[in-house]
Amino acid sequence: MGNWNWQYIIDGAAALYGLYVLLSAIKMKAKGEVSSFVASPEEMFKCKDKKNFIAMVADRMIVFGVVTLLYGVCNMINEYRFHNTMFGIVSLGVFLLACGLFIGLLRKAREKYLNL
């Protein structure tokens with residue numbers, strides 16, 4: 001198969017994941033139903049206040065989805081065109097920071113509204 005750059009696959013997967021999170025959040029806000037990305041249907045039976053849970057999580061999901069989508073797309077462009085190593089390192093740091101913040105927020109929301 002020759003010399004294949006696996007970074008394109010990783011960045012593409014990150015971009016698709018970001019798009020999935022973004023669309024899940026938009027759908028969650030529009031329909032008022034919690035996405036299975038955030039909580040399973042069994043966990044939602046324990047939910048005290050579904051509306052406030054969605055309000056707490058949806059906007060942050062949108063931000064996380066956009067950051068992840070941009071991370072994937074920008075890194076694919078960087079790998080293809082510019083080959084800037086420092087950009088890759090900085091963008092990875094921003095992505096990991098966004099992941100950590102989102103996981104912390106999601107954990108806090110699940111503890112508050114789902115009694116987990």
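Taking the three principal axes of the alpha carbon atoms in the chain, the coordinate ranges are 53, 25, 23 Å, sorted in descending order.
Think of region 18-105 as having a plus end and a minus end, set by charges on the Cβ of Lys, Arg, Asp and Glu; of Val94, Asn75, Ile26, Ile26 sits farthest toward the positive end of this dipole. Assuming charge only on the beta carbon of Lys and Arg (+1) and of Asp and Glu (-1), the dipole of the chain about its Cα centre is about 480 debye to the nearest 20. Treating each Cα of region 57-116 as an identical point scatterer and summing with the Debye formula, the log10 of I(q)/I(0) at q = 0.16, 0.19, 0.20, 0.25 Å⁻¹ comes to -0.57, -0.70, -0.74, -0.96.
Against the main long axis of the alpha-carbon atoms of the chain, helix 7-31 sits at an angle near 30°.
For region 1-49, what is the accessible area per residue in Å² when the probe is 1.4 Å? List each step's numbers first, then the result.
Numbers: 3390 Å² over 49 residues.
I get 69 Å² per residue for this part.
Residues considered: Leu106, Leu19, Leu96. Largest GNM mean-square fluctuation over the chain, using C-alpha springs under 10 Å, is found at Leu96. Rounded to the nearest 20, the size of the Cβ-charge dipole of region 1-69 about its Cα centre is 300 debye, with Lys and Arg at +1 and Asp and Glu at -1. Can you work out the FRET efficiency for the pair Lys29 and Tyr8, with r the C-beta to C-beta distance and R0 = 30 Å, to the nearest 0.05? That pair, Lys29 with Tyr8, gives E of 0.40.
For the residues Val38, Val57, Val94, a GNM of the chain with alpha-carbon springs under 10 Å puts the largest fluctuation on Val94.
Give me the mean projected area, in nm² to one decimal, of the convex hull enclosing the Cα positions of region 1-46.
Details: hull surface 18.2 nm².
Mean projected area for region 1-46: 4.5 nm², to one decimal.
On a full-extension model of 0.36 nm per residue, what is the gain between Ile103 and Tyr80, subtracting their alpha-carbon distance, rounded to one decimal in nm?
Working: separation 23, 0.36 × 23 = 8.28 nm, distance 3.05 nm.
Length gained between Ile103 and Tyr80: 5.2 nm.
Rank these residues by their accessible area, most exposed first, probe 1.4 Å: Phe87, Phe45, Phe53, Phe95. Walk me through the intermediate numbers first.
Values: Phe87 85, Phe45 180, Phe53 0, Phe95 35 Å².
Sorted by accessible area, descending: Phe45, Phe87, Phe95, Phe53.
When the solvent-accessible area of the chain is split by element, carbon and sulfur atoms take up 66 percent of it, the probe being 1.4 Å.
Just to confirm, what accessible area per residue do you get for region 63-104 at 1.4 Å probe, in whole Å²? Walk me through the intermediate numbers first.
Numbers: 2710 Å² over 42 residues.
Spelled out: the 1.4 Å probe surface of region 63-104, per residue, equals 65 Å².
The values are calculated or read from the model by the stated rules, or taken from the named source; none is laboratory data. Fair warning: this is a prediction, and the values are worked out from it, not measured in the lab. Please note: Cβ atoms are built from the backbone with ideal geometry, for glycine as well, and neighbour counts cover all protein chains shown. The accessibility values were calculated without ligands, DNA or RNA, using every heavy atom of the protein model including side chains. Shrake-Rupley method; radii C 1.70, N 1.55, O 1.52, S 1.80 Å.
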